[in-house]
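Working notes, structure below.
The values are calculated or read from the model by the stated rules, or taken from the named source; none is laboratory data. Being a predicted model, the structure only gives us computed values, none of them experimental. Neighbour counts are summed over all protein chains in view; Cβ atoms, including those assigned to glycine, are modelled from backbone coordinates with ideal geometry.
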Amino acid sequence: MSSGLRELRVWQEAVGLAGDVIRALRSNVRRETKAVSDNVMLTALSIGAHIADGFARPAAGEQKESYLAAKRALFRLESELAVARHAELMPQGALSDIAARSAQVARLLTGYLVYLDRQIAEREPSPAPPAAPPAGGASRDSVRVPA
């Protein structure tokens, strides 16, 4: 594993979030709710995976797409956790701790996205000034074709 990835704070927090989610749900997994629990756990795992994918991408635009996918997965996780809590699949205390960690991951992801947007904007060439009309004052648009 890349040491650079392990040093990436947003990835560390996402891995911690996934671990917290799995620990919170694992104790309450029952046969009739296993599909829901498994889906929530997989979503939690996907956040760190998207961040790792973004870290490995060479271009800022590609990185941005992966970090946006991580953010979408984070929003999906928050919805799934709300349902799990409502269905009493996890204790309220665990949900509070997970919500705090989720908010931290969201802040870090937003920071990375802002940074990438700045990088992308700096690399885009500035628009060329409009071309001057041809000599004699006529332009393509002002020349009339006889009917």
Is at least one residue of region 72-85 out of contact with any Ser or Thr (no Cβ under 7 Å at 6 or more places or on another chain) and more than 24 Å from N28 (Cβ to Cβ)? yes
Do we have any residue at all in region 90-102 that's in a loop (DSSP other than H, G, I, E, B) and more than 18 Å from the chain's Cα centre (by Cα)? yes
Using the structure shown, decide if I22 is surrounded by fewer than 22 Cβ atoms within 10 Å (Cβ to Cβ) and either touching a residue at least 12 places away in the same chain (Cβ under 8 Å) or acidic (D, E) (or both). yes
Out of (1) in contact (Cβ under 8 Å) with a residue 40 or more places away in the chain; (2) buried (at least 17 other Cβ atoms within 10 Å of the Cβ); (3) closer than 19 Å to T110 by Cα; (4) over 14 Å from the mean Cα position of the chain (by Cα), the odd one out for L5 is which? (2)
Does L116 meet the test of being hydrophobic (A, V, I, L, M, F, W, C), outside any loop (DSSP other than H, G, I, E, B), modelled with pLDDT of 95 or more and within 17 Å of A60 (Cβ to Cβ)? no
Look at A44 and say whether it is buried (at least 19 other Cβ atoms within 10 Å of the Cβ) and closer than 30 Å to Y115 by Cα. yes
